[in-house]
């Protein structure tokens with residue numbers, strides 16, 4: 001069955017809300033997201049469906065469940081969210097998070113010849129958001145610069161569909177399949193290579209945050225591998241290491257170096273990262 005069109009997918013959520021305006025934010029295999037305005041406010045609307053197998057990609061069923069799973073997690077965390085099912089998957093409608101992704105925010109630092117250094121306040125804000133989630137007993141599992149939204153009142157963590165920390169309705173749950181390899185801790189990549197799955201942890205989140213700070217500041221992935229390398233090759237490079245030299249000046253570089261330790265127990269906790277950056 002071909003992937004549904006964005007127009008077809010939006011009709012799935014129209015029954016739960018009446019947009020006065022809409023903007024397609026993301027339309028990729030398995031997930032479509034809109035920024036919508038309603039009389040009640042601004043929201044992100046997400047619809048998931050299975051990824052069909054191709055010559056380059058295996059089939060993935062978990063993407064269909066992801067919006068529903070995220071909805072259940074956000075409900076656990078006290079966020080006002082609606083979510084449900086449709087014939088090919090799940091959907092959710094949640095408050096829009098206003099701000100700029102960490103990667104976009106630090107773009108001037110990556111400009112050729114730039115002397116601008118990353119803002120420690122931004123880094124602290126991101127660490128505080130991660131630490132707050134950990135303090136509530138959850139691991140995010142998919143921390144990356146695009147999921148760190150820095151606003152005037154602090155940083156918001158978005159895309160929590162892969163998080164672990166509380167009970168999830170069985171109809172929406174699925175094993176953790178790993179995340180974007182640029183930000184996977186070595187122990188996560190090793191487990192995915194061996195079994196196909198892994199378990200998100202606060203320690204792996206700290207590694208992912210360190211890799212996010214590093215790439216946002218420098219433009220470089222923490223671990224080097226060819227851009228077109230298959231996922232297993234990428235993961236093996238992460239497992240084998242080492243990571244690139246952390247050429248970020250000042251206290252931020254020292255903190256990132258510690259966060260990227262290949263041994264989970266040697267990494268600082270997210271609370272310790274906050275104290276180091278304060």
Length gained, residue 38-residue 82, 0.36 nm per residue minus C-alpha separation, equals 14.4 nm
Roughly how many nanometres apart are two label points built 7 Å out from the Cα toward the Cβ at residue 227 and residue 180? 1.5
So how many Å³ per residue does the convex hull of the Cα atoms of the chain work out to? 140
I want to verify a result. In a Gaussian network model of the chain, Cα cutoff 10 Å, which of these has the top mean-square fluctuation: 187, 112, 87? 112
Using a Förster distance of 45 angstrom, determine the FRET efficiency expected from the C-beta separation of residue 117 and residue 20, and round it to 0.05. 0.60
Roughly what angle does helix 186-195 make with the longest principal axis of the chain, taking Cα atoms, 0 to 90 degrees, to the nearest 10? 50
Angle, helix 120-135 long axis vs. longest principal axis of the chain, Cα atoms, 0 to 90°, nearest 10? 60
Using Cα atoms only, what is the angle between the long axis of helix 202-218 and the major principal axis of the chain, expressed in degrees (0 to 90) to the nearest 10? 80
Note down the relative contact order for the chain as a percent, whole number, built from C-alpha pairs under 8 angstrom at least six residues apart. 15
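Any read-out appearing in this document is the output of simple, stated calculations on the displayed coordinates, not a laboratory observation. Just so we're clear, the structure is a prediction, and the values are computed from it rather than from any experiment. Positions of Cβ are generated from backbone atoms using ideal geometry, with glycine treated the same way; all protein chains shown enter the neighbour counts.
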